[in-house]
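Trainee: Got a structure for you, written out below as structure tokens; questions coming shortly.
Taken together, the values in this text are just the output of simple stated rules run on the coordinates, not laboratory data. Just so it is clear, the model here is predicted, and its values are computed rather than measured. Here the Cβ is made from the backbone with ideal geometry for all residues, glycine too, and neighbour counts use every protein chain on show.
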Amino acid sequence: MGFLILNRVFQAALVMIVVAMAAFVLSNYVGDPISNMVGQEATQEDRDQLREDLGLNDPAPVQFVRFIGNALQGDFGISYRLQRPVSDLVAERLPATLELVMVSAIFALVVGIPLGIFTALYRTFWGSRLILTVSLAGVSLPTFVVGILLIYVFSVTLQWLPSFGRGETTALGGWTTGLLTVDGWRAIIMPAITLGLYQLTLILRLVRAEMLEVLRTDYIKFARARGLTNRAINFGHALKNTMIPVITIVGLNIGGLIAFSIVTETVFQWPGMGLLFVQAVQFADVPVMSAYLVLASLIFVLTNLVVDILYVVIDPRLRTERRVKAGV
Amino acid sequence: MTDQQAHIPHQSLGSRMVDGIRRFAGSDLLYSFVRQPVVVVAFLITVIFILAAIFAPLVAPHDPFNPASLSLMDSFFPPSWVEGGDARFLLGTDNQGRDIFSTIIYGARISLMVGFAAVVFSIALGVLVGLISGFVGGWFDALLMRFADIQLTIPGLLIALLVDGIARTALPSDMREEIAIYVVIFAIGISNWPQYARVARSGAMSEKVKDYVASARIIGTPSWVILLRHVLPNILGPVLVLGTIGLALAITSEATLSFLGVGVPPTTPSLGTLIRIGNDFLFSGEWWITLFPSGALVVLVLAVNLLGDWLRDALNPKLR
């Protein structure tokens, strides 16, 4: 097992090195960093001097090491568009995105798992079929269309919920949260549903499929023969084994949630990392783009790593299979 | 299949086609198609969209991109059945007086074109990498597949956005509008190739140990001929099924990029661009400008998805 985890850690480190290289190439070779920093009136000498000062004439490996060193200290340079340090911008925007992702993940789990169990246990009930059909439509609805529909119904027509922003936020040290005020909760409802809907349908279908699979196994039949109550069988025995793949998928989809928060944040003008990134892409703001790339990849890689390790820890079969294959 | 045809070279093309149609009429595939009305409807919707896209200038009642035929007097008409609507404009008009129904048809044309091109690009790249990787094996295979793994760690949308952003930075600004469509195709295509590479690779690995490959090698056929003429046709089935589902994904990705304002430019709007433009008028009550293109997009994506799902299940012998 130690070997497996070591292998995963090695792979994660490899991904981060590749991502860092991409970010480095992006910041140093795409476009001319100098012309993005100086004004029109700068002379050629000024430019050369700046180039020398910034170390852009050094060999590429030296620059790469310096880039990594700066990145580790959270220094990604200064945004071309906003003329502020990228690290400050990210620190301001990160809480908004993490809160949105967290609330929508919880929403997807809390609604998706019970619905999945329900549709598996009452397979022939018309309500289950309806839920499944609707969930198929949910997979095909692009995120931004869901957002627009919600805004049209609940903001424009009914005027129940705000259509943009985070509402009232409270500062807790360096972290601003919208989850302590009623206003903040009203603002997060629609973005969280928009972002979580796809994950919800995914979880629903997965829980249903796994549950149906588990209910067919011998140990469930045996439990039934022992005369256990339905409740004990369904929730004590079956649900436990259903949860293993669900944990994996949920963990792996944190990455998807972060990526699609870009779309949700644009629809609802949510002041998070995603909105920052989209604006950076529109205005070719390279430092912000490369910082987002590194940060988002770091989150994906870490969640993947944790999920991989958890999976091995939770499921003993994986450990033995590896051992048999290795001939130990 | 190509091998079988090679044995009967004297049959005429016509009789071969009749033969093929007869075989198709008796196939499981057609049977399972006719048995499921939802799939038939999805197929019809997809065909209608494709035909409307191809013959857009003939089908659309107005030419929304000809400035001469536009009049600002016609702007913001609601759909024809709503009070204040105009019979000339079935689904209403937008802020520039363009007929929504016509812009949807032209928009679907761009959406489908970009979607198809992106999928073809992904398949070409993925299959090429997968075939070589699976056939050659060794460190070459390990390297390429590790690279695919790394890319699969990062969601496709993010990769497409990044590629798009890099292209915007690297290209001179006066060229951006013109080649924006190609940039979008490239960005979506490059973000999806690993799936096809994996399928092609596992196919190539199971095919390369078969006797026909060994026979071809014995008679001195060069490796690339074996790969392209003998192995490729045998692994193409699953790749094309994946491609159908991939088309729905590519159309959604294009719409998403365009909605974010980094996709297809407003001069040749796709469905996503139309939704983006219309979104600005949602709050002032002109809901039709954004909701009709949204509806068209959802129906198109849902139909292609249903078709892909059905094709996957129908061709999967385990589910029969």
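Trainee: Calculate the spin-label point distance for B:A124 paired with A:D46, positioning each point 7 Å from the Cα along the beta-carbon direction, and give it in nanometres.
Mentor: Label at A:D46, label at B:A124, 4.6 nm between them.
Trainee: Also, I was wondering about something else. Using θ = phi - 60° and the Karplus form 6.51 cos²θ - 1.76 cosθ + 1.60, what ³J(HN,Hα) does each residue of the stretch B:222-231 get, whole Hz, x for Gly and Pro?
Mentor: These are the phi-based 3J(HN,Hα) values: x, 4, 5, 5, 4, 4, 7, 8, 10, 7 Hz.
Trainee: For A:L6 and A:L136, FRET efficiency with R0 = 30 Å and r from the beta-carbon atoms, rounded to 0.05?
Mentor: Calculated transfer efficiency: 0.15.
Trainee: Something else now. Please identify the helices of chain B, taking whole runs of DSSP H, that span at least 27 Å along their own axis as judged from the Cα atoms and have a mean Kyte-Doolittle score of 1.6 or higher.
Mentor: B:100-136
Trainee: Taking 0.36 nm per residue of separation and subtracting the Cα-Cα distance, what length does fully extending B:A214 through B:L240 add?
Mentor: Full extension from B:A214 to B:L240 adds 6.7 nm.
Trainee: Now for a different question. Provide the FRET efficiency to the nearest 0.05 for the A:R129-A:E92 pair, computing r from the beta carbons and using R0 = 41 Å.
Mentor: 0.30
Trainee: Would you work out which of A:V103, A:T133, A:F67 lies farthest towards the positive end of the dipole of the stretch A:66-158, given +1 charges on the beta-carbon of Lys and Arg and -1 on that of Asp and Glu, about the Cα centre?
Mentor: About the Cα centre, the residue reaching furthest to the positive side is A:T133.
Trainee: Something else now. What does the average come to when, for each residue of peptide B:276-284, you count the partner chain Cβ atoms lying within 10 Å of its Cβ?
Mentor: Going residue by residue through B:276-284 and averaging, the value is 3.
Trainee: So, with +1 on the Cβ of K and R and -1 on the Cβ of D and E, and no other charges, what is the size of the charge dipole of the protein assembly as shown about its Cα centre, to the nearest 20 debye?
Mentor: I would put it at about 3440 debye.
Trainee: What value, in deg cm²/dmol to 500, does the helix sum -39500 (n - 2.57) over DSSP H runs of n ≥ 4 give at 222 nm once divided by the residues of chain B?
Mentor: -23500 deg cm²/dmol
Trainee: With +1 on each Lys and Arg Cβ and -1 on each Asp and Glu Cβ, and nothing else charged, work out how big the dipole of chain A is about its Cα centre, in Debye to the nearest 20.
Mentor: With only Lys, Arg, Asp and Glu charged at Cβ, the dipole is about 2460 debye.
Trainee: Assuming R0 = 30 Å, can you tell me the calculated FRET efficiency for the pair A:V62 and A:W175, based on Cβ-Cβ distance, to the nearest 0.05?
Mentor: For R0 = 30 Å, the calculated efficiency reads 0.25.
Trainee: Right, next: Which net charge results when you count Lys and Arg as +1 and Asp and Glu as -1 among the other residues whose beta-carbon is under 15 Å from that of B:F259?
Mentor: Taking every Cβ under 15 Å from that of B:F259, the sum is -3.
Trainee: While we're on this one: Below 17 Å, Cα to Cα, which aspartates and glutamates can B:K210 reach? Residues fewer than 8 away in the same chain don't count.
Mentor: Once the sequence-local aspartates and glutamates are set aside, what remains near B:K210 is B:D3.
Trainee: Which one of B:S270, B:T252, B:G220 is farthest out on the positive end of the charge dipole of the stretch B:155-311, using unit charges on Cβ (Lys, Arg +1; Asp, Glu -1) and the Cα centre as origin?
Mentor: Most positive-ward Cα: B:G220.
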